[in-house]
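Where a number appears in this text, it was derived from the coordinates with a stated rule and is not lab data. Just so it is clear, the structure is predicted and the values come from calculations on it, not from any experiment. No Cβ is skipped: glycine too gets one built from the backbone with ideal geometry, and neighbour counts run over all protein chains shown.
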Amino acid sequence: MNYKAAFAIGAFYLFYFALVGVYIIFLPKSLYSSGYSATEVGIIFASAPLMRFLLPFIFRRYGGLNHKTYHLSLLLTTVATLLFFISVDNFYMFFLVNLLYGASMGIILPFIDTIALKVITKEHYGKVRLWGSIGFMGIALWLGSMIQSSSQTLLYIFILATLTSVFGYIAGEYDNNSIIDSSTTDNKSLSLSKYWAFWLSALLMQVSFGGFYNFFTIYETAHGISLQMTTWLWSFGVLCEIAMLYFQSPLLKGNLLRLIEIATFAAVIRWLILWLYPDSLTMAFVAQSLHALNFALYYIASIAYVYELYTQKKLAQQFFLGISFGLGGSIGAIIAGEIYEYAPDKLFLSQAFIAFVAWIMIRVHIKRREGYESR
């Protein structure tokens with residue numbers, strides 16, 4: 001393993017996911033408290049994932065992503081977070097700036113993920129990726145009792161975006177290919193329809209996370225749990241995630257699809273617990289413990305599976321993040337916003353149903369793959 005590359009990539013993950021932490025833990029509540037409706041919060045947090053979804057189709061149509069475009073995306077990430085300050089009081093302007101933010105962030109992570117899988121391999125990937133989880137948890141614990149206004153939230157977002165861009169630039173230099181995918185022709189040959197059930201499952205899995213990512217803080221504080229304790233709930237989930245990332249190496253030597261299946265079904269159980277016991281802090285911690293399965297294990301097994309499934313490695317990773325966390329996250333945010341606006345007590349029941357359909361789809365994909373392999 002290249003230890004210098006591992007350090008640079010680990011530092012990138014640390015700041016990238018700390019940035020994600022501030023964005024999804026504190027910004028929704030800040031917007032909601034400053035006068036945004038639940039529907040508007042849902043729309044705002046659908047904008048960035050939507051751009052993440054559209055980008056892979058653009059790159060497949062017009063060719064591979066080069067380092068110049070990647071570097072531009074790092075710059076635009078910081079610029080977008082600066083523009084947050086002057087647009088936050090206007091819903092439409094803030095929505096447009098979030099589109100820019102989503103577009104720039106949507107390029108960065110799959111680029112680095114593929115470098116990591118190539119340079120440090122999937123067996124060691126989890127131990128480097130866990131620095132992202134540490135960043136997410138650390139920022140949640142640190143800011144849990146400090147954030148008092150939306151302007152403070154935006155300041156931390158800007159600082160972390162700048163650090164992410166700096167270490168993203170350093171980590172990107174360990175990619176020895178100037179073009180992410182070899183040719184436009186090769187890119188166009190990447191088929192989504194052949195494995196449609198897998199892609200639909202990945203989409204629905206992240207749709208089911210819409211209520212969690214965008215309304216978990218609002219949901220818990222509305223049921224009498226303090227903001228500081230809610231940050232401990234977020235952090236406990238990340239601790240479970242870190243443990244899984246550290247010890248996942250032996251699991252990844254087994255059947256990746258079975259791991260994805262188990263992790264998907266765990267999401268059904270997790271959302272049902274939050275629906276059945278909305279006022280129970282103990283059960284909230286139980287639900288958060290499942291983050292080890294339906295985020296950490298699911299994410300690592302999925303990107304490793306996609307890496308093995310396609311020859312166009314980096315474009316395939318962009319599609320996975322674009323379809324799941326992008327389109328799935330966008331649809332999930334909008335659906336969660338509408339449900340929380342009109343039937344907040346049914347939020348996680350609906351998420352459990354969506355996750356159940358995602359589990360059915362991965363079962364369909366497994367049966368189809370077994371059929372392919374038996375021919």
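Only lysine pairs 8 or more places apart, or on different chains, with alpha-carbon atoms under 18 angstrom apart are counted in the chain, and they number 16.
Extending 7 Å from Cα along the Cβ direction at F353 and again at L227 yields two label points whose distance is 3.3 nm.
Full extension of the chain between K253 and F91 yields a length gain of 53.6 nm, computed as 0.36 nm times the residue separation minus the alpha carbon distance. Rounded to 0.05, the FRET efficiency of the L155 and R368 pair, given R0 = 56 Å and the Cβ-Cβ distance, is 0.70.
Peptide packing for 76-82, 343-349 was compared via the average number of neighbouring C-beta atoms within 10 Å per residue; ordered from the highest value, the list is 76-82, 343-349.
Farthest toward the positive end of the dipole of segment 3-374, out of G35, T231, S289, is the Cα of S289, where the dipole comes from beta carbon charges about the Cα centre. If R0 is 35 Å, what FRET efficiency do you get for S280 and L192 from their C-beta distance, rounded to 0.05? That gives a FRET efficiency of 0.30.
Just rank H223, H291, fewest to most, by other beta-carbon atoms within 10 angstrom.
In order of increasing Cβ crowding within 10 Å: H223, H291.
Residue farthest toward the positive end of the dipole of the chain, with Cβ of Lys/Arg at +1 and Asp/Glu at -1: which of I24, N255, F85? Sorting the options by dipole projection puts first N255.
Here K4 and I58 are evaluated by their C-beta separation; at R0 = 30 Å the FRET efficiency comes out at 0.40. Legend: helices of the chain (whole DSSP H runs) are marked when their alpha-carbon atoms reach 27 angstrom or more along the helix axis and their mean Kyte-Doolittle hydropathy is at least -0.5; marked are 38-62, 67-87, 91-119, 121-143, 150-172, 227-247, 256-276, 347-374. Scoring 275-284, 322-331, 150-159 by mean Cβ neighbours within 10 Å over their residues and listing the highest first yields 322-331, 150-159, 275-284. When M93, M137 are sorted by how many other C-beta atoms sit within 10 angstrom of their C-beta, beginning with the fewest, the order is M93, M137.
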